[in-house]
1. Return the single residue from P139, P168, P226 with maximal mean-square fluctuation; model: Gaussian network over the chain, springs between Cα atoms under 10 Å.
2. In whole Å, largest first, what are the principal axis extents of the Cα atoms in region 12-237?
3. Taking the Cα atoms of the chain, report the difference between the largest and smallest coordinate on each principal axis, in whole Å and largest first.
4. Might you tell me the accessible area per residue for the chain, computed with a 1.4 Å probe and given in Å²?
5. Near the amide H of S260, under 5 Å away, which other amide H atoms are found, from residues 5 or more places off or on another chain, if H is placed in the peptide plane?
6. Among all lysine pairs in region 12-237 that are eight or more places apart or on different chains, how many have alpha carbons less than 30 angstrom apart?
7. Could you give me the ³J(HN,Hα) list for region 322-333, computed from phi with Karplus coefficients 6.51, -1.76, 1.60 and θ = phi - 60°, whole Hz, x at Gly and Pro?
8. For the peptides 309-317, 258-266, what is the packing order when you average, over each peptide's residues, the other Cβ atoms within 10 Å and list the highest mean first?
Amino acid sequence: MNQPPNPRAHQIEIERLNKHYGAFHALRDIDVRVPRGTFVALVGPSGCGKSTLLRTLAGLEQASSGDIRIAGESVTRLPPRKRDIAMVFQSYALYPHMRVSENMTYALRLRRMAREAIEAATTMAAKTLGISPLLEKYPRELSGGQRQRVAMGRAIVREPKVFLFDEPLSNLDAGLRVHMRGEIRRLHDRLGATSVYVTHDQIEAMTMADHIVVLRAGVVEQQGPPLELYDRPANTFVAGFIGSPAMNILPARIEPDGTSARIDGTENTVALDRRFEPGRAVLVGLRPEHLCLLDAKADGELSGVIETVESTGSATYIVARLGAHSVCVATATRRRERAGDALTLSILAKEVHLFDPQTGLRLKDATARTAKSPDDESEGLPCEKPTRPQ
Ligand SMILES: Nc1ncnc2c1ncn2[C@@H]1O[C@H](COP(=O)(O)OP(=O)(O)OP(=O)(O)O)[C@@H](O)[C@H]1O
Ligand SMILES: [Mg+2]
């Protein structure tokens, strides 16, 4: 029990973790392993089990089966206070009758830490978070952003091995949220901590995390570095969840040549960078930002009619109709097109994603770097020129 932790061990190891609430199976065989210092984002739609997983990590919920190890030591049966974990909640959960300084030092006082040590830890945490002038105030006298910092301050004075954050920024306005994202990430780096951060905002996950875990209905759909999930979503769920605006997913069929797919109900085809079985039904995934707008008369791959054009100033979003399908196109340039205009689009073959219409699973590239299952190689037969060398 008192052995020094193995520095090479993963800091957090969640192994075949299950959580039942009565008959309801909230977490199913969760496996997550992350090295020390990693910033992990847990993402997924409302009700998928993010908070349940976080609360089970913290010990606020009992695991039904499986194991949780922190720094190599199983904590599955330990009460929350013995897990060396600090949690920051969406609601901040500050004690209203205590001043900021008392809120921050509460856990240390419970531990009967020496007064000087408590003062030193509080001063340091307040300085780090820029809340030194607020120490004598009550929570009701603070703005949302300030309360959020106090909640973080209360977590960092304890110097835990692991920080858990449950949607800590969702009560803040958009500008402050972007600012606090950067602050939390910098704080994480400065403290050398391991953090698990729950959000349903995939942009937050993409910009803050080293490792993203995508949950749906208590199941891990995919996990890995942000850009790996963006570049190679394992299924249509992850494809639709990671990336904004969401990936366009259209039913199609492989053409007789095997290296292009025709969108159902249209004459539009997209070129593929690998060969597939002619006639096979597929789902084609096209990211809005990968679709290039061509001159209407140009000989592009996809032609349709514009339905709406929206500009945010920095980006233009065009929704176009391709046969019975709507497709979103995102571009950083200002456009003159209007609703009703014809449009022609092209996309690079290597940027076309293909999925199985029955299972929703990605049809893997023959050039995939992380081939894991035996059918990885069988789906796409290599074309003459693989786009990504091994
Ligand atoms: N104490 C409980 N008893 C019974 N069911 C529960 C309990 N807590 C959570 N659940 C159920 O478990 C599922 C996951 O809940 P959880 O709070 O983990 O979702 P979440 O991903 O955090 O959602 P949100 O994004 O809305 O916060 C939900 O269907 C929820 O109804
Ligand atoms: Mg939640």
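1. Evaluated over the chain, the most mobile residue of the options is P139.
2. Computed over region 12-237, the largest-to-smallest principal extents equal 50, 39, 31 Å.
3. If we take the Cα atoms of the chain, the spans are 76, 48, 42 Å.
4. Dividing the accessible area of the chain by its residue count gives 49 Å².
5. Those qualifying (amide H under 5 Å, at least 5 residues apart or on another chain) are E255, L272.
6. 10
7. Calculated HN-Hα couplings, in order: 10, x, 8, 10, 9, 10, 9, 10, 10, 9, 8, 8 Hz.
8. Peptide ranking by packing, descending: 258-266, 309-317.
The values are calculated or read from the model by the stated rules, or taken from the named source; none is laboratory data. Since this is a predicted model, take the numbers as computed values, not measurements. Note that we place each Cβ from the backbone using ideal geometry, even for glycine, and neighbour counts take in every protein chain shown. These accessible areas exclude ligands, DNA and RNA; they are computed on the full protein's heavy atoms, side chains included. Shrake-Rupley method; radii C 1.70, N 1.55, O 1.52, S 1.80 Å.
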